[in-house]
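Here's the structure, in structure tokens; my notes come after.
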Amino acid sequence: VLASLPLQMMLYFNVYYFPVWCVAEGMMLQLKYDLLPWHYQFLLVTAFLILSAAEGSRLYLGYVGNLQER
């Protein structure tokens, strides 16, 4: 079984767009952070961190799995 070229291309572009998304989302979070109640602040920061960690690990595992044909 060969590595999937369309998957590799999607992962490649996603690796470059992920930092852009992180910066944009971080800026939006910073802009509205002070306007929200404390529980929404906590939920937003927690969700941002979980989504960032999940996306980073998904990209890494996708790269490793696709290139090693797993």
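If Y40 satisfies every condition in (1) in contact (Cβ under 8 Å) with a residue 12 or more places away in the chain; (2) open to solvent by 90 Å² or more (accessible area, probe 1.4 Å); (3) assigned to a helix (DSSP H, G or I) but one, which is the exception?
Condition not satisfied by Y40: (1).
For segment 22-34, check the following and say yes or no: at least one residue is open to solvent by less than 90 Å² (accessible area, probe 1.4 Å), over 30 Å from N66 (Cβ atoms) and of a type outside the set (A, V, I, L, M).
Yes - at least one qualifying residue is present in segment 22-34.
A quick yes/no check of all residues on (1) among the hydrophobic types (A, V, I, L, M, F, W, C); (2) in contact (Cβ under 8 Å) with a residue 40 or more places away in the chain:
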{"site": "Q8", "(1), (2)": "no, yes"}
{"site": "V15", "(1), (2)": "yes, yes"}
{"site": "M27", "(1), (2)": "yes, no"}
{"site": "L49", "(1), (2)": "yes, no"}
{"site": "A54", "(1), (2)": "yes, no"}
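Condition first: of a type in the set (F, W, Y) and exposed (fewer than 12 other Cβ atoms within 10 Å of the Cβ). Can you find one or more residues in segment 55-67 that meet it? Walk me through how you get there before you give the answer.
Looking only at segment 55-67, we keep the residues that are of a type in the set (F, W, Y), and these are 60, 63.
Pick out the ones that are also exposed (fewer than 12 other Cβ atoms within 10 Å of the Cβ) and you get none.
No, every residue in segment 55-67 fails to be of a type in the set (F, W, Y) and exposed (fewer than 12 other Cβ atoms within 10 Å of the Cβ).
Of all residues being exposed (fewer than 12 other Cβ atoms within 10 Å of the Cβ), hydrophobic (A, V, I, L, M, F, W, C) and not in a loop (DSSP other than H, G, I, E, B) in segment 1-21, which is modelled with the lowest pLDDT? Just the residue, please.
L5
The values are calculated or read from the model by the stated rules, or taken from the named source; none is laboratory data. Keep in mind that what you see is a predicted model, and the values were worked out from it rather than measured. Quick reminder, even Gly has a Cβ in these numbers, built from the backbone with ideal geometry, and neighbours come from all protein chains shown. Remember, those area values only see protein heavy atoms, side chains included, never the ligands or the DNA or RNA. Shrake-Rupley method; radii C 1.70, N 1.55, O 1.52, S 1.80 Å.
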